[in-house]
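Worksheet for the structure shown next.
The values are calculated or read from the model by the stated rules, or taken from the named source; none is laboratory data. Every value quoted in this text rests on a predicted model; they were computed, and no experiment measured them. Note that we place each Cβ from the backbone using ideal geometry, even for glycine, and neighbour counts take in every protein chain shown.
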Amino acid sequence: MATTPARLQTEYREKFRKELKEELSLTSIMQVPELKKIVINVGAGKAIENPKILDSIVEEIGIISGQKAVKTKAKKSIAAFKLREQMNIGAMVTLRGKIMYEFLDRLINVALPRVRDFNGLSAKSFDKAGNYTLGVKEQIIFPEINFDKVASIHGMDITLVIKTDSVEHSAKLLEKFNFPIRKKAA
């Protein structure tokens, strides 16, 4: 059963790769920056007192991403936070392939414009490897979430893992996807 690729995935393969190779003066198509995966992570400290909160978070992340989330466990005990080793304290999901591109498309074109007072994302959120991480304060910016059924408002970290040589190349790739990164003030 052959599935059709996502819109952004098709544009990347047919258009953006060739354009980026020329713009970045690369010698091989294999040097072109590429989106490898998107990781969505939610830390739920409230789950220590009320473990049922984590179940609703896992369900909401699954609805947002289109893929089942897994619970993350504490690596070590911290007495001051009443935290024990191997206690469930968060949820995460890793997206690849078609699902990743569909999520990115919804994030850029639907969810981020719904953020209150949104004026673009920071250009300083790249790490040394060229990956981009953004924090979302409320899960209700995604239209898939029914506001009436939300147990509690929580944020999430979304990391775009990019195979690249430099931060500048990653920025160019995200620019092709119309990712709303603020331009640096001149």
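Quick look at the numbers
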quantity	calculated
Residue tally, condition in a loop (DSSP other than H, G, I, E, B), within 26 Å of residue 96 (Cβ to Cβ) and in contact (Cβ under 8 Å) with a residue 60 or more places away in the chain, over the stretch 117-138	3
Residue within the stretch 80-98 that is modelled with pLDDT under 85, in a helix (DSSP H, G or I), buried (at least 17 other Cβ atoms within 10 Å of the Cβ) and on the phi < 0 side of the Ramachandran plot present	no
Odd one out for residue 75 among (1) modelled with pLDDT under 80; (2) part of a strand (DSSP E or B)	(2)
Selection status of residue 167, of a type in the set (Val, Ile, Thr), over 30 Å from residue 26 (Cα atoms) and touching a residue at least 40 places away in the same chain (Cβ under 8 Å)	no
Residue match in the stretch 139-162 (condition: touching a Pro at 6+ places or on another chain (Cβ under 6 Å), farther than 20 Å from residue 62 by Cβ, of a type in the set (Val, Ile, Thr) and assigned to a loop (DSSP other than H, G, I, E, B))	no
Single match in 62, 120, 43 (criterion: at pLDDT below 85, surrounded by fewer than 17 Cβ atoms within 10 Å (Cβ to Cβ) and in contact with a Lys or Arg (Cβ under 7 Å, 6 or more places away or on another chain))	120
